[in-house]
1. Does anyone have the angle between helix 68-82 and the longest principal axis of the chain? Alpha-carbon axes, 0 to 90°, nearest 10?
2. Evaluate the relative contact order of the range 64-169 (contact order divided by residue number), counting alpha-carbon pairs under 8 angstrom at least 6 apart; express in whole percent.
3. Please compute the contact order of the chain in relative form: average sequence separation of alpha-carbon pairs under 8 Å and at least six residues apart, divided by the residue count, as a percent.
4. How big is the Kirkwood radius of the range 82-162, worked out from every pair of different alpha carbons and given in Å to one decimal?
5. With the other protein chains left in place, how much accessible area per residue, in square angstrom, belongs to the range 171-227 at a 1.4 angstrom probe?
6. Take every Cα pair under 8 Å in the range 1-126 that's 6+ residues apart, average their separations, divide by the length, and report that relative contact order as a whole percent.
7. Please report, as a whole percent, how much of the solvent-accessible surface of the chain comes from carbon and sulfur atoms (probe radius 1.4 Å).
8. For the range 180-233, treating each Cα as an identical point scatterer without solvent, what Debye log10 I(q)/I(0) comes out at q = 0.23, 0.24, 0.26, 0.30 1/Å?
Amino acid sequence: MGLLENKTAIVTGSSRGIGAEVAKILAGEGAAIVVNYRQKAPRANKVVAGIEAAGGRAVAVGADLTTLEGVQALASAAMENFGSLDVLVLNASGGMESGMEEDYALKLNRDAQVNMLNAAVPLMKEGSRVVFVTSHQAHFINTVPTMPSYEPVARSKRAGEDALRELLPNLAEKGISLVVVSGDMIEGTVTATLLDRSSPGAIEARRAEAGKLYSVEEFAEVVASMATADVKSGHTEYAGGADYFGKGAN
């Protein structure tokens with residue numbers, strides 16, 4: 001029996017990268033997974049196929065989390081397909097993509113996170129867990145400067161974390177816990193690639209400064225572990241980037 005047998009998890013932004021790996025790990029613990037994508041259905045279907053091939057249960061659901069219809073559809077999919085919602089991993093983020101509206105980062109990294117949580121909470125039972133995924137560059141933005149090209153995204157993600165933390169008392173009333181996972185730059189992610197494109201050498205410089213950067217798989221293990229970890233609501237789990245500590249956390 002896995003730690004999440006007979007449970008259901010939604011993982012936002014899980015058609016690739018960290019989200020896809022988290023979905024696979026949680027499925028391996030017995031959870032039925034709602035795999036979320038915005039546009040890339042084939043990628044999401046491939047993640048689902050991989051989970052099913054390993055004996056797990058999953059469904060791919062296309063939903064734009066910056067719309068209320070999208071978050072409601074995603075929350076409803078858990079109940080319609082699997083009959084419960086026990087774990088919500090808020091992994092989807094962005095803001096460095098080209099061609100997006102000016103306030104897209106804030107819409108996705110703050111507003112969509114809160115709206116997704118608010119749509120999920122009425123469906124979640126006591127003992128359920130919410131995991132919010134962020135970066136050191138965002139979590140520590142008020143005390144540690146980051147690259148200018150990433151600062152607007154970092155500030156929008158910090159705003160998202162702050163907005164979610166404001167809901168901790170409401171979650172406590174329902175017996176639902178929230179855990180934040182903050183990671184240093186992760187090798188091989190879209191964000192890292194875009195950062196390196198806008199600031200050539202950024203990844204190499206950060207790797208040299210930190211000594212080591214987590215891989216997608218390594219970071220996903222940390223995120224997935226927080227779905228069942230025995231930690232208090234409001235806990236922040238750090239992955240990598242030890243040089244950030246002592247510079248001020250919240």
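The values are calculated or read from the model by the stated rules, or taken from the named source; none is laboratory data. Given the structure is predicted, the values throughout are model-derived calculations rather than measurements. For accessibility, only protein heavy atoms count, side chains too; no ligands or nucleic acids. Shrake-Rupley method; radii C 1.70, N 1.55, O 1.52, S 1.80 Å.
1. For helix 68-82, the angle is close to 50 degrees.
2. Values: 127 pairs, mean separation 34.3, N = 106.
Relative contact order comes out at 32 percent.
3. On the way: 500 pairs, mean separation 46.4, N = 250.
Taking the mean separation of contacting Cα pairs over the length of the chain, I get 19 percent.
4. Working: mean 1/r = 0.0734 Å⁻¹.
For the range 82-162, inverting the mean 1/r across all distinct Cα pairs yields 13.6 Å.
5. Working: 2550 Å² over 57 residues.
The answer is 45 Å² per residue.
6. Details: 241 pairs, mean separation 32.3, N = 126.
RCO, the range 1-126: 26 percent.
7. On the way: 5520 of 11150 Å².
With neighbouring chains kept in place, the figure for the chain is 50 percent.
8. With no solvent term, the Cα-only Debye profile gives -0.87, -0.92, -1.00, -1.18.
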